[in-house]
1. Hey, got the average number of other protein chain Cβ atoms within 10 angstrom for residues in A:740-747?
2. Mind scanning A:LYS690/A:LYS728; A:LYS663/A:LYS874; A:LYS764/A:LYS874; A:LYS54/A:LYS552; A:LYS764/A:LYS853; A:LYS728/A:LYS880 and naming the pairs with a C-alpha gap bigger than 22 Å?
3. A:SER941's amide H: which non-local residues (gap 5+, or another chain) put their own amide H closer than 5 Å, with H modeled 1.01 Å from N in plane and none for Pro or chain starts?
4. Calculate, for A:ASN781 and A:LYS684, the FRET efficiency according to 1/(1 + (r/R0)^6) with r their C-beta to C-beta distance and R0 25 Å; round to the nearest 0.05.
5. Sort C:177-184, A:229-236 for me by packing, meaning the mean count of neighbouring Cβ atoms within 10 Å per residue, highest on top.
6. How would you classify the stretch A:895-994 from its alpha-carbon gyration tensor, with a ≥ b ≥ c the square roots of the eigenvalues: rounded for a/c under 1.5, else prolate if a/b is greater than b/c, otherwise oblate?
7. Going by the alpha-carbon gyration tensor, a ≥ b ≥ c the square roots of its eigenvalues, is the stretch A:509-581 rounded (a/c under 1.5) or, if a/c is not under 1.5, prolate (a/b greater than b/c) versus oblate?
8. If you place +1 on the Cβ of every Lys and Arg and -1 on the Cβ of every Asp and Glu, how big does the dipole about the Cα centre of chain A come out, in debye to the nearest 20?
Amino acid sequence: MNAQPFRLPSGGLVDRTQTLSFRFDGKTYDGHPGDTLASALLANGVRLLGRSFKYHRPRGVLSVGSEEPNALVELRTGARREPNTRATIIELFEGLEATSQNRWPSLGCDFLSVDRLAGSALVAGFYYKTFMWPAAFWEKLYEPVIRRAAGLGRAARFADPDHYEKAFAFCDVLVIGAGPAGLSAALTAGRSGARVILCDEDFRLGGRLLAERREIDGRPAADWVAATLAELAALSEVRTMLRTSVFGLYDHGIFGAVERVNDHVAVPPAHQPRQRGWRIYTKRAILASGALERPIVFPGNDRPGVMLAGAVRAYVNRFGVLPGREIVVFTTGDNGWATVCDLVAAGVRLSAIVDSRSEIDPTFKALAERAGARVFAGGAVEATQGGHHVRGVVVRDSSGKHTTLSCDLLAVSNGWNPTLHLTSHQNGRPIWNEDVQAFVPGTLPPGLAVGGSAAGRFTLAQALEDGARLGREAAVEIGFRPTHIEPIPTTDAETNRVKPIWRVRGGRGKAFVDFQNDVTEKDVELAAREGFRSVEHLKRYTTLGMATDQGKTSNIAGLAIMAEQTGRAISDTGTTVFRPPFTPVAIGALAGHHRGKDFRPVRLAPTHDWSREQGAVFVETGQWLRAQYYPKPGEQDWLTTVTREVLAVRTGVGLCDVSTLGKIDIQGRDTAEFLERVYINGWKALPVGKARYGLMLREDGFVMDDGTTSRLRENHFLMTTTTANAGKVMQHLEFCHQVLWPKLDVRMVSVSEQWAQAAIAGPKSREVLRDILDAVHDISNEAFPYLAAREVTVNGGIPARLFRISFSGELAYELAVPADYGEAMMRALMAAGSPHGITPYGTEALGVMRLEKGHVAGNELNGQTTARDLGLGKMMSSKKDFIGRLMARREALLQSDRPTLVGLRPINNAERLRAGAHFISMGRTANTDNDEGYMTSVAYSPSLGHWIGLGLLKNGPRRVGERIRAVDPVRNSEIHVEICSPIFVDREGTRLHG
Amino acid sequence: MRIPCPHCGARDVQEFTYLGDAKPRRPEGLDATEAAMLEYVYVRDNPRGPNDELWYHAAGCRAWLMVRRHTLTHVIESAVPTKSAKAGVAA
Amino acid sequence: MAEQATSSWCRRDAWAAIIQVGQIGAAGEPGVKVQLPANLQLATLIATTGSTGLERITKQLVGLDLPRSASIALSATHGLAWSGPGQWMLLARQRAGFSELTSLLSDEAAVSDQGDARAALCVSGRRAREVLAKGAMIDLHGKAFPVGATALTSFAHVGVQLWRIKDGPDGPAFEILVSRSMAASFWSWFAASAAEFGCNVARPG
């Protein structure tokens, strides 16, 4: 058997010296480097590539580019399996494996074919009409059945093993598309010295010139392409990006692009990504994306073997593949004749040429004679015959007579649509141009120019002229001076007249408008009849223009038929708005490196490795990883561990990393005044060497954050914030300073990262610290009382800061050293504390102890609570203005029945409290009307031997002693609790001051 | 979007955080009324056209900027530090 | 003095256990080189609005002019990098004398030590720009970011300050300060991005 029976004996840009072996649906075939999967399959005579979305009709290759609606396949296998890839842009590689999709059990014999099963039931809107009732059937019956019958490919079932990247590029001029317009634009801009990026989605530069037999300056166009590429390569500021689709245009000249770095090999080489998502920042951009050819709507127009005429030329000229042997051309313009011309040049005879126009140019008639083809002027194709591919067509001639012609390839042409999608991404509306019978770009976003076919200027001469002009204009606009102006190359003659027909009437059978979504002319008529007359409604009702191709080959016919049905002109219906992305983009290329454990940056404390060495289990707090608890061998669950840690602190000494707290250095003459304005409480009277608890509100009166702030020197304060809010507080303080009170002398900077900080807590903590601090520092209770804050030294002069503050309610300190010493500090404290059984504890134990002391934390500082709600209303100074002061005094926020902080304990000590449980008075029904608040935090208190909780309850503090229901509908549980003071342990604070 | 930071040059909008309308002035001091504060905190115009907005260059120079941006086209006319623009500053 | 610290109080810098010295990624001549500077001292200086005292005293003490725009003044031993309006990052290439220097400056500026708050690295080599372009939303082209330019920005969502130092024998060179806590995430991104070009990591001393 002849390998590649449809490969022409010579010609094309494939490398015939090398053979690549690949598989499609389990069968092995050969192709060449330079082939796409589509061209290689066509070379092997494979025309049936897939089944359609809804009706499971056989489909083949329609086009030669990224607009392909039909030839969608699953590429590769296993974890690398990718559904809905377009065979027309898959670059062939050795060992490529592809499978057809949406068929069962096989492509040739598909039992799901609706033509076999149910006739033509799946008309537009059928989802909405057919499956309305009963509602319960939707999820269980209708949807699964529909999903099985209608669909595209299957996603891989495993995580993608490849690496993806993001990257950023900057240029003066971005040129999109490397056809004749794009190449000449890049060249003129590049020659002026501008930084140019030239992108093309193809794996070879040249655009349509690769597919055409044209002449530039009297020589084959390929020579001009080669010379242009050579000159571009020599310009150091010009960057050419192959296999790169520009998919979106965003504000201020920013473009999104995806570079398929290694899609053309089976597996990316080591250390290389599969794809790279680009964000390109530009000063100017030139859209030279060419045009997309339009098919014709007629019955049976979807059968494999019906192909765009321009695509036929591309397969012949670029790939050396003849997609059929008995050829009929059906055209509404001159473009079909260009295909005839190239086929004749390739020595191919044609059966017939059907031109819907009644007048045929004499040169075309002569051409038809050379081709040995019959000509049907004013004719139309009314039907196709065949099973899995075309075997014949029925032609109606100008007199209305029908002729059946045998053929295996029908080349169709209905003119071209400018590829103007990017011009719509910033709200631009395409405009119908009667002269070229196509939508052309409307208002352009700033910085973007469009040239060549993308602007509806379809001839090669216009493309070269536009490119040169726009390249020069762009460079000049941003200040470059072209040294000399080269003459614009000349081209051979061409005509591009077209008189499109939007559908062939009179035939029988389905005539497809949108191949990918199986939308027929009848569906468009139905939509019009049912009132979905706007093109946007048409799209949503019929699915016309949805899915991977976004209607690139179908939109115009759909809206032209709608215009006809509603008695309007195409210019009045307009088109749907194109949105990014122009072409499907893998999520991986958008995420880049940021997936899995690299999803977002993680912040690690300087003591992180030490904590890990101690066996810590970590928890995410904002971006930070914090040690949650430190299980010891033999401890079965976290509660055992946390209970041990709490008891160690309450009876001996514990050690906890608190480096993650936000720390802001605030200096300047007006610092105390500044703090007065941002905190609710007073700061001017705070002596040097002391710390104070502070609470800050948002301007709307709700609590923003809390923390202790220390006065290190007269005009030097150190503020601490909660771990999670550090960034937010810094931004707020900068706002207060720069926007509200710029005259204050306040200078602040985050020093969160500079200091490693540890809490040393428990009755033995002073003894441990004495061992660590240099001997000159007296930390006796008298010399260093509760809330003392001082700069000290450790280990013979290492600068450190010591604070006597406590979250646990025990005698406690926080010691800070420069971060490089963080680990050394932890080791030194462990060594000094070992005689006292010092125990590392994590955020969980910290949380238990703060709850035992009734300190509020993140669950209570939830953006919905005021200082008063948290029992801290008395802290609010009435002698000064501060952020949030007035709004916190709003009447509704002062209502006594606002949920207010209380403690809760179970009536039966064995029962566990649940955070999130809602409070309902005894005897009342548990519903929203009777909801009186909820449990914010719970913990098992080792000190008390039962669970305790904090909650926000209506009239809370006045109800101490009352019993109430804690109903948890999420976990379907309910227990009875007693309302109590939020301070559970050491209410007098004797331990704290000891 | 790109915002022309007067200190750092044009930077991607990802480096900034948005606050909103720069026009309202905070009623300062103990004499300020609740009504005025309510207006300052909550009441905003929603103009179609150029609008002065507050943006914070969080991932850059940490300056608060007053950015004049067209709310429909996103065209940015100017961006100046609030310190010199006196945006939102009480008299 | 810290230098007298006993062995149990060793410094452990931000890159410890994150970066290994040697070649990463592709083998052969490395397209990218990373050097981890030893003993880099850093402090934030914030001037009093309207005062010129800081300008005078920095000139006097380290012989450098205070940059008024996004650039860095560098000498063999010190540097002053603009790091926001009215704010600079002072750097010194050795530990000795730095605390004395900052205390002399504290009359004219709010001074905050940052030497332990940043992880520093120097990236150079033929492909250095290509690696940084995988995370930098700023233009590092020679014309847009000449020698002596500095920028505060983020690379791959990690806050950085970088500046361009004198070109090395094989292309441009950048010094980058990374928030210490994000050093591991930064390196995960950097190493993955540099791997295709081959990257040599060195640590003097």
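Read-outs: derived from the displayed coordinates by stated rules, not from any lab. Bear in mind that the values here come from a model prediction, so they are computed numbers and not experimental data. Don't worry about glycine lacking a Cβ; one is built from the backbone with ideal geometry, like all the others, and counts go over all protein chains shown.
1. Details: counts 9, 4, 10, 4, 1, 5, 3, 12.
Mean shielding count: 6.
2. Working: A:LYS690/A:LYS728 25 Å; A:LYS663/A:LYS874 26 Å; A:LYS764/A:LYS874 33 Å; A:LYS54/A:LYS552 19 Å; A:LYS764/A:LYS853 19 Å; A:LYS728/A:LYS880 24 Å.
Listed pairs above 22 Å: A:LYS690/A:LYS728; A:LYS663/A:LYS874; A:LYS764/A:LYS874; A:LYS728/A:LYS880.
3. Residues meeting the amide H criterion: A:HIS946, A:TRP947, A:ILE948.
4. On the way: r = 27 Å, r/R0 = 1.07.
The pair A:ASN781/A:LYS684 has a calculated efficiency of 0.40.
5. Values: C:177-184: 25.2, A:229-236: 13.6.
The most tightly packed comes first, giving C:177-184, A:229-236.
6. On the way: a/c = 2.30, a/b = 1.46, b/c = 1.58.
Since a/c reaches 1.5 but b/c is at least a/b, the shape of the stretch A:895-994 is classed as oblate.
7. Details: a/c = 1.66, a/b = 1.17, b/c = 1.42.
Taking the square roots of the gyration eigenvalues as a ≥ b ≥ c, the stretch A:509-581 is oblate.
8. Numbers: 119 positive and 109 negative charges, 299 e Å.
Its charge dipole is roughly 1440 debye.
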